[in-house]
Number of protein chains: 4
Amino acid sequence: MTDRNDVADWWRTAIIDMEPGRIHLRGHPVQELIGTTGFAQMIWLMVMGERIDGPRAALFEAALVAAVDHGPQAPSIAAARMAATCGVGLQSAMATGLNMLGNVHGGAGEQAGALYQQALTAGPDTLGQTLDQWRSEHGRFLPGFGHRFHKPVDPRAPRLLALVDEAAQSGAVGGRFAMIARAIEAHLALERGKPVPMNIDGATAVIYAELGCPPPLARGFFGLSRSVGLLAHAWEQTEQGGRNKGPTPPGYRWTYDADK
Amino acid sequence: MTDRNDVADWWRTAIIDMEPGRIHLRGHPVQELIGTTGFAQMIWLMVMGERIDGPRAALFEAALVAAVDHGPQAPSIAAARMAATCGVGLQSAMATGLNMLGNVHGGAGEQAGALYQQALTAGPDTLGQTLDQWRSEHGRFLPGFGHRFHKPVDPRAPRLLALVDEAAQSGAVGGRFAMIARAIEAHLALERGKPVPMNIDGATAVIYAELGCPPPLARGFFGLSRSVGLLAHAWEQTEQGGRNKGPTPPGYRWTYDADK
Amino acid sequence: MTDRNDVADWWRTAIIDMEPGRIHLRGHPVQELIGTTGFAQMIWLMVMGERIDGPRAALFEAALVAAVDHGPQAPSIAAARMAATCGVGLQSAMATGLNMLGNVHGGAGEQAGALYQQALTAGPDTLGQTLDQWRSEHGRFLPGFGHRFHKPVDPRAPRLLALVDEAAQSGAVGGRFAMIARAIEAHLALERGKPVPMNIDGATAVIYAELGCPPPLARGFFGLSRSVGLLAHAWEQTEQGGRNKGPTPPGYRWTYDADK
Amino acid sequence: MTDRNDVADWWRTAIIDMEPGRIHLRGHPVQELIGTTGFAQMIWLMVMGERIDGPRAALFEAALVAAVDHGPQAPSIAAARMAATCGVGLQSAMATGLNMLGNVHGGAGEQAGALYQQALTAGPDTLGQTLDQWRSEHGRFLPGFGHRFHKPVDPRAPRLLALVDEAAQSGAVGGRFAMIARAIEAHLALERGKPVPMNIDGATAVIYAELGCPPPLARGFFGLSRSVGLLAHAWEQTEQGGRNKGPTPPGYRWTYDADK
């Protein structure tokens, strides 16, 4: 048995301090945050531990808005809709969709952020080598570039980059990561002889990097953003009704192949 | 086998329309929403299908900000922190915490909304009977009132109610649900001979009802709000490290009792 | 602050007792259970707190075997397969599928068990009234009877019932619930003028009731059983590969309908 | 739009074949499996695609029995108990616990299996180098050896190894992986000057390797095994009652430390 101090210290946090009738979040009384702080600003404060304002807050908000949904073809959205027909609560349906996100679905933002960081450290003259090394370690697709569906271009990316440019011109962010990302985009176009444009993950990774987020948080923020779509679709499906809704109409079933 | 139209119609949504290079959310090109729409406004648009602005948007934002966290004692937050030490991704840790939310944890907002609606329909003269009937059907605690920890008062509730009052004075919302909720609060105080003040769930339910949300969405919006705390805590725990972190220090274990 | 005893007693269980180098499960040293106890028997011991053997164990095992899979059309199985392509671990993919199970998908066993109990208590002479009352409270479908896909009959149900009959003839179980379930089946056939045969949920509910399980455990045992299919499918999908696999082929997408 | 064949082939499996009134699992009519196949045997058939019998089946069953529970201190078990007090279904509570399992919690079996395979390929003469290389790539702890709680020895491991020895003597399995694992154990004891005995993950990894499972399945089988404990504890907690049960008693809370 350990002593009481061990218990008292088992959970330790800088996020929240609480007594009966008193809740402080990141050092601020909750009642002072309510009504004065936007939801996106609150997210930043809670996760990063500091306030965000003005053009930097706007940039963060843009990244959150951009990734909310990609339709019922996305595994996350489909799962939330299915769950809504299985007799679980709305929050469980959301959790089911959120739990779909991993290294492949919703993980590219973190990887793109890490790639940018690596490219920045190595310097512009060695970009080709940096990309080659990345591919030798992680496979042939560069995270954040190209899209299997949105040809020629993912409409979210140029809009996000334009906002980064504005913020860089006003001095709100440095703009180095936008430059790095565009250099990669240009390099890829030359290499392949056709454009492989930045996608939503590449663009939001620029924003998160410009704002000083560690790359893994790109994944967490994507999760918050996509949760909006999860709720919207789970609720719409709830209203539509349906019971035990599978991926395809009952008539279709699947292919049985004993040799797989 | 059914025909192709069945497949095409299996998933049907009014939320998102998409072609290669084109994403429309609730009828708006995504690139027009990015940079012009706040994250809270985007949540409303996606879930409710219409824009929210001005004082109504501010009220919605306040409700989202208020419920982000209740510390590592809350099962949701504790679960996300534990998960962060078990070798799963950040999004899975968030999903684990979100999945803790159900009828009991994070469900009171929906119930309070339904109670207000019932009280409104029955009218003020029969409030006592409405409450008695509720209790006979659902148990002795009225959802949205009283708090086992925050004595005498949950600091979030009065602040939220004050914002509703402001919005009602400006005509942005009707204010009927604030009145109903306060009438219930007053009734309870008389009945018990001591205050049983409105809590966070009771207060956010007032906001959601004033804004015209169906009660079940109180649960969904709570999930979005609490996900912020889930991410903040999962990330902090990731940074703190730890492996297989259980609820209490290893020395404590548990009580074995063969008769339970 | 509470005192140490409160902590020591916060978690209390009759299931497991542990010291360094010593693990007792339901009072048995784990090393004595390993190699002497079948997995199904172990499940029963852990959950019900007592040993199960002989024909009763065989019956329980049959129920567990029967419900392992219903193919990639089932939301649970589809979700596990999708998750396996999203870059999460095998266990998370299983959890995603398990989390699909709720009141509608995987909940009928519990409901059927409760219905049998109610019919038994009311007695055979009032079966029609019992069923009518159930329907007035829970809707027009009786849990455990009929199947939207398996016409004319779910092949698992008659086999399970035959095993119950054998066990009843040997005196291993009483057989009352098999009788009740068949009486309901006969009543339904008369009522509708065509057979509405017992399905897997109705048949496993008979077994669980015969063995003395509280109805909610039908749901838990179904979860254990279906987890086998979840693992098999998640693993097969992992081996097949695929990235971000949605419910339908990428070319199909969905129907956009602004009015839903 | 793609054509119908694409849809028909989108989901493809060797596990289950189904028509109305007919379910074949791995080529066997389900009604022939029910009542003739043990639950552990069914797990093997479904996941591995072939039958397992006799001493090999007994070995598999022993591995499944051994890992069912490690008490409310384990994050998985604690999460399931907490969830049971939050107003979600029994299956969601199980899913929440299962979702705790990842690389760290429940992942060592897969890693140990991979290590054994590597040591076998390299040969016994170079065991020291193999272990050094493993540690240079994965960190100083060897998966499957040592236990932070069970000193001097995890009671499950020697029992499982004894069963492997028996099976090897009868020729049911080869015994090479038991030898490898013991060689690692001996090597570690010499290196550290004190025993670092094999633990449950090391021992079950021996069994899975002897039976010819790919290492990742150690993780899946662990998930099935632990799900038994998850159900037992979620159900016991449901019976005990409680609402919103956090990790420690309400009086304890946590340490607030602004510098973390």
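The values are calculated or read from the model by the stated rules, or taken from the named source; none is laboratory data. Quick caveat: nothing in here was measured; it's all calculated off a predicted structure. With ideal geometry, Cβ positions are generated from the backbone for all residues, glycine too; neighbour counts draw on all protein chains shown. All accessible areas refer to the heavy atoms of the entire protein, side chains included, with ligands and DNA or RNA removed. Shrake-Rupley method; radii C 1.70, N 1.55, O 1.52, S 1.80 Å.
Here the range A:191-223 is the region considered, the condition is being in a helix (DSSP H, G or I) and at pLDDT below 95, and the residue that is nearest to residue B:21 (Cα to Cα) is A:192. Among the numbered conditions (1) in contact with a Leu (Cβ under 7 Å, 6 or more places away or on another chain); (2) in contact (Cβ under 8 Å) with a residue 24 or more places away in the chain, the only one that residue A:49 does not meet is (1). At positive phi and not assigned by TED's automatic domain parsing to the domain that holds residue A:121: does that describe residue A:193? When the stated conditions are applied, residue A:193 does not pass them. Number of residues in the range B:132-141 that are at pLDDT below 95 and crowded, with 16+ Cβ neighbours inside 10 Å equals 0. Restricting attention to the range B:94-108, the residues that are open to solvent by 10 Å² or more (accessible area, probe 1.4 Å) and either more than 8 Å from chain D (Cβ to nearest Cβ) or in contact with a His (Cβ under 9 Å, 6 or more places away or on another chain) (or both) total 1. When restricted to residues that are in contact (Cβ under 8 Å) with a residue 60 or more places away in the chain, facing chain C (nearest Cβ under 7 Å) and either open to solvent by less than 30 Å² (accessible area, probe 1.4 Å) or not in a loop (DSSP other than H, G, I, E, B) (or both), the range A:237-260 contains 3.
Hey, does the range C:153-172 have a residue that's buried (at least 21 other Cβ atoms within 10 Å of the Cβ), touching a residue at least 40 places away in the same chain (Cβ under 8 Å), touching a Leu at 6+ places or on another chain (Cβ under 9 Å) and not in a helix (DSSP H, G or I)? Scanning the range C:153-172, I find no residue that is buried (at least 21 other Cβ atoms within 10 Å of the Cβ), touching a residue at least 40 places away in the same chain (Cβ under 8 Å), touching a Leu at 6+ places or on another chain (Cβ under 9 Å) and not in a helix (DSSP H, G or I), so the answer is no. Of everything listed in (1) basic (Lys, Arg); (2) more than 19 Å from residue B:212 (Cβ to Cβ); (3) open to solvent by 40 Å² or more (accessible area, probe 1.4 Å), the single unmet condition for residue B:176 is (2). Among the conditions (1) buried (at least 18 other Cβ atoms within 10 Å of the Cβ); (2) more than 7 Å from every other protein chain (Cβ to nearest Cβ), the only one that residue B:212 does not satisfy is (1). Scanning the range B:30-57 for residues that are open to solvent by 20 Å² or more (accessible area, probe 1.4 Å) and facing another protein chain (nearest Cβ under 7 Å) returns B:31, B:35. Across the range A:76-85, not a single residue is classified as surrounded by fewer than 23 Cβ atoms within 10 Å (Cβ to Cβ) and either of a type in the set (Gly, Ala, Ser) or touching a helix residue (DSSP H, G or I) at 6+ places or on another chain (Cβ under 8 Å) (or both). Comparison of B:118, B:91, B:129, B:111 shows that the only residue that is assigned to a helix (DSSP H, G or I), touching a Gly at 6+ places or on another chain (Cβ under 8 Å) and open to solvent by 10 Å² or more (accessible area, probe 1.4 Å) is B:111. Looking only at the range B:201-212, residues that are more than 14 Å from residue B:61 (Cα to Cα) and in contact with a Gly (Cβ under 8 Å, 6 or more places away or on another chain) come to 3 in all. Tallying residues that are surrounded by 15 or more Cβ atoms within 10 Å (Cβ to Cβ) and small (Gly, Ala, Ser) within the range D:5-29 yields 2.
Residue check: is residue D:205 open to solvent by less than 50 Å² (accessible area, probe 1.4 Å) and more than 7 Å from every other protein chain (Cβ to nearest Cβ)?
Working: open to solvent by less than 50 Å² (accessible area, probe 1.4 Å): yes; more than 7 Å from every other protein chain (Cβ to nearest Cβ): yes.
So residue D:205 passes the test.
For the range A:142-152, which residues satisfy the criterion of being free of Cβ contacts under 8 Å to residues at least 12 places away in the same chain and surrounded by 14 or more Cβ atoms within 10 Å (Cβ to Cβ)? Matches in the range A:142-152: A:149 only. Select from the range D:6-29 the residues that are within 12 Å of chain A (Cβ to nearest Cβ) and among the small types (Gly, Ala, Ser) and list them in ascending order. Within the range D:6-29, D:8, D:14, D:27 qualify.
Condition test on residue B:115, is it at pLDDT 95 or above and in contact with a strand residue (DSSP E or B) (Cβ under 9 Å, 6 or more places away or on another chain)?
no
Mind checking whether some residue in the range D:58-67 is touching a His at 6+ places or on another chain (Cβ under 9 Å), part of a helix (DSSP H, G or I) and under 30 Å from residue B:248 (Cβ atoms)? Scanning the range D:58-67 turns up no residue that is touching a His at 6+ places or on another chain (Cβ under 9 Å), part of a helix (DSSP H, G or I) and under 30 Å from residue B:248 (Cβ atoms).
When you check residue A:181 against the structure, is it buried (at least 22 other Cβ atoms within 10 Å of the Cβ) and under 17 Å from residue B:31 (Cβ atoms), yes or no? In short, no.
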